[in-house]
């Protein structure tokens, strides 16, 4: 049986209570809104690029502990990364939260590996990936809000 | 499993009295096969009845029996089975008629759901009677199914959708409602019981006020039909909609009650077989009500299942169910609201079946996941009532909703579950 502590790890709870980079980025040149109608999570992700690199990133909005912590830790792990590095990280993150990567290969994810417990809770995958989908939309310059439905 | 108690087939008044003056919930629970299982290693505690209810064995058996014994297409065959299937389907209509105390069986139209029933009224009565500049009046606590059909109509007709406001308890402001009833108001539509807040609408007063201005009233009874006695003649509502699956019947079947005179003058909803008297390429003559509104082969097994559900409710007694669920709600309200950090959303004086709440510092979705690990099923989210969430300044709520098989012990389990949420997020 899935253990709640696998999902609600201390790091996740801590980030959900005190999210990092939780601010509107006035200098942002990319932004997008993401929405999860299932639970009402709604975030805006702001990105400021310098050339091909993410110079600064922030987010605002409200949502469950998983979605908020995921957004917070995403912003932490992406500062200074190039777009292709960000895409690569999301792809790996997605595989981990959907249980497609075995435990041994999680090391490359660094701190984001704490979200591996999400794979035991299929209804929460959308929460964990909302900020990432929103980031992609922001970088692709999509106008409409991203929806997980 | 399979310790399903059989209720006597022909229950007389004496048998009903034998059921006991107090509600024998353990005996009721034994009628529901799905409740006899564990969820995530715990006893299943199903508190998501406002989303859909579970089905008693009598309903499941009725559907199986229909397919094993009676199935054929109705209203058109001359053969043995068709006659029997038609008889089953039309008997179901009469059972619904008496459940709602409608004057005529032909006032009962079988549809897919309460949603389809409201769409039917909007697209037939609405399209004839609502024109540019006219208004449709609903309330601030409607389910999306009683908002969007009217928005579609108003968009098409350049009409206005007006919203009667509610107070902080989730009660309709009757004075404001009355003020919004103007010369251009063509339809009033509102829920009998709010799915997000549990508020029971003061229907009698609303219908009086609306009728004094000759405005017809549509009632969304999806949450009320399984919980409160409904008498459409006493209410004098013009339309009443409900879904089978929230009333212990199958999915895919719902009911629209409409006053005969209104139904007769309304145009058809969909075209097809069964809704016609004669068809030529030049002209089609429509069948009489209710068949005019039932194009195509209907959900016959659904009607049979719904009949079994209503007969089950009748055997238990809807008044007794109502009283029992009210006691559960009072108990849940008292115990849940005592938990520190919990705020109830929807504290109307008149409530039924629904306990919506939020927790300080914890998103409802996390509440739902943690309760689920304890085998407790609740609903979290906006409950298809986003304007209600906005009114109360929340993104979502956690909602426990009760059915006739729930127990005080299950509410105790809910309270323990909420305590656990507090521990995880401490």
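Here are the numbers for this structure:
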| quantity | calculated |
| --- | --- |
| Mean projected area in nm² (Cα convex hull; one quarter of hull surface) for the range B:80-159 | 6.9 nm² |
| Over the protein assembly as shown, equivalent-ellipsoid semi-axes from the Cα gyration tensor in Å | 45, 30, 24 |
| Ellipsoid semi-axes in whole angstrom, largest first, where each is sqrt(5λ) of the Cα gyration tensor of the range B:292-360 | 36, 17, 10 |
| The range B:214-354: Rg to Rh, with Rh as the Kirkwood radius over Cα pairs | 1.10 |
| Whether the range B:138-296 is rounded, prolate or oblate, judged on the alpha carbon gyration tensor where a/c under 1.5 counts as rounded | prolate |
| CD proxy at 222 nm, helix term only [per DSSP H run n ≥ 4: -39500 (n - 2.57); per residue of chain B; nearest 500] | -11000 deg cm²/dmol |
| Taking only Cα atoms of the range B:29-121, radius of gyration then Dmax in Å | 17.4, 53 |
| Separation of alpha-carbon centers, the range A:17-67 and the range B:72-89, rounded to whole Å | 61 Å |
| Mean separation of Cα contacts under 8 Å, 6 or more apart, over the residue count of chain A: relative contact order % | 32 percent |
| Rg(Cα) / (2.2 N^0.38 Å) computed for the range B:221-260, rounded to two decimals | 1.15 |
| Pairwise FRET efficiency - residue A:94 versus residue B:98, Cβ, R0 = 60 Å, nearest 0.05 | 0.60 |
| Tail weight of P(r) past 30 Å, computed on alpha-carbon pairs of chain B, percent | 45 percent |
| Those residues of the range B:346-386 whose amide nitrogen sits under 20 Å from the label point placed on residue B:416, 7 Å along Cα→Cβ | B:367-379 |
| Computed P(r) (all Cα pairs; the range A:1-88; 5 Å bins; percent) | 3, 14, 22, 22, 19, 12, 5, 2, 1, 0 |
| 10 Å Cβ neighbours from other chains, averaged over peptide A:37-44 | 5 |
| FRET efficiency estimate (nearest 0.05) - Cβ-Cβ, residue A:14 to residue B:90, R0 56 angstrom | 0.30 |
| More than 17 angstrom apart: percent of Cα pairs within the range A:43-93 | 35 percent |
| Virtual spin-label span in nm between residue B:319 and residue B:69, 7 Å along Cα→Cβ | 3.2 nm |
| Residue B:26-residue B:339 pseudo-label distance in nm [points 7 Å out on the Cα-to-Cβ vector] | 2.7 nm |
| Förster radius 25 Å - calculated FRET efficiency between residue B:251 and residue A:147 (Cβ-Cβ, nearest 0.05) | 0.45 |
| Proportion of all alpha-carbon pairs of the range A:1-41 beyond 14 Å (%) | 70 percent |
| Debye equation applied to the C-alpha atoms of chain A, log10 I(q)/I(0) at 0.20 Å⁻¹ | -1.26 |
| Over chain B, relative contact order from alpha-carbon pairs under 8 Å, at least 6 apart, % | 22 percent |
| Computed over the range B:292-426, Kirkwood Rh from alpha-carbon pairs, angstrom | 16.7 Å |
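Each value in this text was obtained by applying a stated rule to the coordinates, not by laboratory testing. All values derive from a computational prediction rather than experimental measurement. We place every Cβ from the backbone using ideal geometry, glycine too, and count neighbours over all the protein chains shown.
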